[in-house]
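Heads up, the thing below is written out as structure tokens.
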Amino acid sequence: MTKMTFSTSRRGLLRGGSAGLLGLIAAPAVFTGRSAAADTTLTVTSWGGDYNKSVREVFADPFTAETGIKVTLVDNGDMAKVKAQVLGNAVQWDVIDAPAAFATSGARDKLWEPLDMSIIKPSALVSQPAPDYMPMYLYSGGLLWDAKRTPDGKHPVDFAGFYDFERFPGRRVMRSLASETLEVALVADGVAPKDLYPLDVERAFRALDRMKKHVTKWAATTPDQVNAVVQNEGDFSYSYYNRVKSAQKSGAALAFSFEQTVNSLDYFAVPKGTKNKEAAMRFIDFCLRADRQVAWSVRGYYLPNNVAAIEEVRKSPSGDFLPDLTNGKNVVVNSAWWGENYTAMQKRYAEWMLT
């Protein structure tokens with residue numbers, strides 16, 4: 001059996017209901033007018049691998065069955081391409097599955113349509129929408145390793161250990177994305193999670209400088225992070241439990257630590273200028289339904305944004321694999337900071353990787 005390492009009380013948030021998350025992550029709601037009706041084919045961006053399969057089975061296919069609107073999934077989360085589509089008045093993607101840094105930076109650059117709350121009518125939410133992007137669920141990242149190659153005591157379980165190359169020698173896998181990577185570097189360097197923001201960027205890059213020679217794989221996607229360890233291209237990586245669980249189901253001897261995690265909301269946004277705006281808003285509304293949120297969270301080990309869904313997820317086996325946001329070791333991503341700094345940080349990080 002694959003060994004799992006957990007934080008002391010990762011179900012604390014669920015035991016306390018929605019108040020814990022609401023106090024940590026929130027945004028204002030707005031109401032806008034209804035757009036013209038349209039029956040069409042939607043193109044929704046996604047994140048590859050088993051994640052795409054989950055989106056297809058939990059959201060896309062049931063939405064098509066109910067509405068007749070076909071959903072095409074595109075494995076592409078490139079914000080530069082989104083911006084080029086919007087500025088070039090050639091929008092091809094109708095719904096963007098956007099992590100915090102993408103959603104907030106896109107809002108700053110005015111890339112999103114206002115949410116049409118005459119179409120999107122969710123029941124009670126844990127975290128409220130911003131004017132132009134909707135929180136869908138919360139996800140958690142942590143450390144993973146191959147349990148067969150790396151026995152107990154020989155692998156890191158927190159971010160300081162990930163950066164402790166003497167105590168835990170081995171090949172590191174790093175994501176080619178600045179968001180979350182900078183947080184991990186700073187916590188590893190001794191910054192308390194509660195004191196992270198605004199991020200000390202110079203200190204983060206000094207920590208990354210120490211890491212660089214130990215990196216054997218730069219992962220462009222989250223499946224790449226997991227596959228690199230499975231395929232013995234690296235020993236330790238940061239990624240997400242649902243990705244590890246998927247690999248375990250395929251026979252991989254991966255283990256994951258909940259000892260320390262980075263937690264962030266994922267959002268849906270609609271690119272400005274899409275010709276399928278009403279259908280996109282209907283899709284967002286559909287995905288926020290309690291039954292869809294339960295199915296998504298139970299399957300992917302996420303924390304739902306629908307309050308009614310929380311009780312069902314808490315009762316499910318997946319409730320044992322959810323983060324405790326009250327644990328002081330865990331990081332909660334500051335979406336506002338990334339909204340102001342994502343473009344500059346990603347440019348600097350990409351240049352740093354090449355030097």
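The values are calculated or read from the model by the stated rules, or taken from the named source; none is laboratory data. All of these numbers come straight from a predicted model, not from anything done at the bench. No Cβ is skipped: glycine too gets one built from the backbone with ideal geometry, and neighbour counts run over all protein chains shown. We work out accessible area using only protein heavy atoms, side chains counted, and drop any ligands, DNA or RNA first. Shrake-Rupley method; radii C 1.70, N 1.55, O 1.52, S 1.80 Å.
For region 171-181, the criterion of a residue being among the hydroxyl-bearing types (Ser, Thr, Tyr), part of a loop (DSSP other than H, G, I, E, B) and closer than 20 Å to LEU325 by Cβ is satisfied by at least one position.
MET117 falls short on exactly one of the conditions (1) touching a strand residue (DSSP E or B) at 6+ places or on another chain (Cβ under 6 Å); (2) hydrophobic (A, V, I, L, M, F, W, C); (3) at pLDDT 95 or above, and that condition is (1). Within region 269-282, residues that are closer than 16 Å to GLY68 by Cβ and small (Gly, Ala, Ser) have Cβ atoms under 7 Å from residues that are at pLDDT below 95 and open to solvent by 10 Å² or more (accessible area, probe 1.4 Å) in these pairs: ALA279/ALA38; ALA279/THR40, counting only partners at least 6 apart in sequence or on another chain. Which of the residues spanning region 265-283 are surrounded by fewer than 24 Cβ atoms within 10 Å (Cβ to Cβ) and under 17 Å from the mean Cα position of the chain (by Cα)? ASP266, the sole residue that qualifies.
One residue stands out in region 14-45 among those that are in contact with a strand residue (DSSP E or B) (Cβ under 7 Å, 6 or more places away or on another chain), open to solvent by 30 Å² or more (accessible area, probe 1.4 Å) and not aliphatic (A, V, I, L, M): the one that is modelled with the highest pLDDT, namely THR41. Scanning region 332-353 for residues that are within 24 Å of LYS194 (Cβ to Cβ) and open to solvent by 40 Å² or more (accessible area, probe 1.4 Å) gives ASN334, ALA336, GLU340, ASN341. Report yes if some residue within region 288-296 is free of Cβ contacts under 8 Å to residues at least 40 places away in the same chain and surrounded by fewer than 20 Cβ atoms within 10 Å (Cβ to Cβ); otherwise report no. Yes, that holds for at least one residue.
Of all the residues that make up region 300-331, how many are open to solvent by 40 Å² or more (accessible area, probe 1.4 Å) and farther than 27 Å from GLU183 by Cα? Number satisfying all stated conditions: 7.
Screening the candidates ASN232, ASN227 for the property of being within 30 Å of ASN76 (Cβ to Cβ), without any contact (Cβ under 8 Å) to a residue 24 or more places away in the chain, surrounded by fewer than 22 Cβ atoms within 10 Å (Cβ to Cβ) and of a type in the set (S, T, N, Q) yields one hit, ASN227.
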